[in-house]
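No value in this document is a laboratory result; all are computed from the given coordinates. In this text, all values refer to a predicted model and were calculated from it rather than measured experimentally. A quick note on method: Cβ atoms are made from the backbone with ideal geometry, for glycine too, and the neighbour counts reach across all protein chains shown.
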Amino acid sequence: VDYRAVVDRNGVISIPTIGNINLAGVKAADAEAIIRSSIAKLYRDVTVNVSFGRLRAITVYVVGQAKKPGSYTVSGFSTLVTAMLVSGGPNAAGSMRNVQVKRNGKVLGNLDLYAFIAKGDKSSD
């Protein structure tokens, strides 16, 4: 059986007889294993291949001590570093030591851009 699913705006795909599978925040490399695990609960010897047909753009809002704060449209695969680059980086009063990601007023994560640049540490990106 060949089945194509579309990830909705909440990061969920729906597969008949399987149900909804939440992929929000999941890295592309991990999506196949998560989908395979869900399908394997009902079916044996399943092969899963994940590919991305169309990537949607997302709007991010860069606020605070950025050189060019504002709203930016970026690829759905963009990272925090991408948002920082399109906004020109921190202004003279800003710092690259504590960059925060917020959604609905809650801090989702912090990034030390110095560690990212100096050591290539992508763990928080």
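Quick look at the numbers
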quantity: Among 15-21, 74-80, the order from most to least packed when residues are scored by Cβ within 10 Å on average; calculated: 74-80, 15-21
quantity: Amide N proximity, the range 72-99 versus ALA28 label position 7 Å along Cα-to-Cβ, cut-off under 17 Å; calculated: 74-83
quantity: Mean separation of Cα contacts under 8 Å, 6 or more apart, over the residue count of the chain: relative contact order %; calculated: 12 percent
quantity: Projected-area average for the range 57-119 over all orientations - Cα convex hull basis, square nanometres; calculated: 4.3 nm²
quantity: Rg/Rg_globular for the chain, with Rg_globular taken as 2.2 N^0.38 Å and Rg from C-alpha atoms; calculated: 1.31
quantity: Neighbour-count ranking [beta-carbon atoms within 10 angstrom, fewest first] of PHE116, PHE52; calculated: PHE52, PHE116
